1. What residues qualify as long-range amide H neighbours of residue 115, i.e. H under 5 Å apart, gap of 5 or more or another chain, H built at 1.01 Å from N?
2. Residue 143 to residue 10: FRET efficiency via 1/(1 + (r/R0)^6), r the Cβ-Cβ distance, R0 25 Å, to the nearest 0.05?
3. What does the helix-only formula give at 222 nm for the chain: each DSSP H stretch with n ≥ 4 adding -39500 (n - 2.57), the total divided by the residues, and the result rounded to the nearest 500 deg cm²/dmol?
4. Go through region 1-38 and name the trypsin sites (Lys or Arg not before Pro) that are in a DSSP coil and have 15 or fewer other Cβ atoms within 10 Å of their Cβ.
5. If amide hydrogens are placed 1.01 Å from N in the peptide plane, which non-local residues have theirs closer than 5 Å to the one on residue 103?
6. Return the FRET efficiency for the residue pair residue 87, residue 126: r is the Cβ-Cβ distance, R0 is 22 Å, and the value is rounded to the nearest 0.05.
7. Enter the accessible area per residue of the chain (Å², integer; probe 1.4 Å; all protein chains in place).
8. Of all trypsin sites (Lys or Arg not before Pro) in region 76-141, which ones are in loop regions per DSSP and have a Cβ with at most 13 other Cβ atoms within 10 Å?
Amino acid sequence: TRRSSDLLQDTLLIITADHGALDVEQVNINKYTDMCQTFLRPPTLEARFVNFFIKDGQKEVFKRLFEQYFGMDFVLYERDEFLASGILGSGEKNPLVDGFLGDFMAIAYGRRSIWYSTGELVFKPMIAEHAGFSEIELQVPLIIIKQK
């Protein structure tokens, strides 16, 4: 079997990606109605890096329920804790960040990912996903082929 790279001459071929990926188990959180009732608006961002906006007076309830249902697979950060963590990098904070971030951010390190349906979104099964804290997701693949 010939590889496409075999057709090249005097070439250094570098193949990479911006992240790794992990086989996941998708969980529809709509079935956790007690937790969903604390949402001010639907969760945003990624299925393994989830941004939650919570109703006034419901933050402790949300935190307790999220830890109960997902604490074994996600790290839950309160907004200020997340901003202080350095996850977004160092330097001057972009002024748009304040409008994008909710009250809590949850980042996966286990195999589960979160799906939330608003009725408008159609569920798309995914075998693998990215954006979490697992070792596999944090590794960046690199392939180098030198053709003479």
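1. Close amide H contacts, sequence-distant or interchain: 27, 28, 29.
2. 0.85
3. Mean residue ellipticity at 222 nm (helix-derived): -5000 deg cm²/dmol.
4. Hits after loop and neighbour filter: 2, 3.
5. 52, 53, 54
6. That pair, residue 87 with residue 126, gives E of 0.45.
7. On a per-residue basis, 66 Å².
8. 93
The values are calculated or read from the model by the stated rules, or taken from the named source; none is laboratory data. In this text, all values refer to a predicted model and were calculated from it rather than measured experimentally. Here the Cβ is made from the backbone with ideal geometry for all residues, glycine too, and neighbour counts use every protein chain on show. Areas reflect the complete protein model, heavy atoms only, side chains present, ligands, DNA and RNA absent. Shrake-Rupley method; radii C 1.70, N 1.55, O 1.52, S 1.80 Å.
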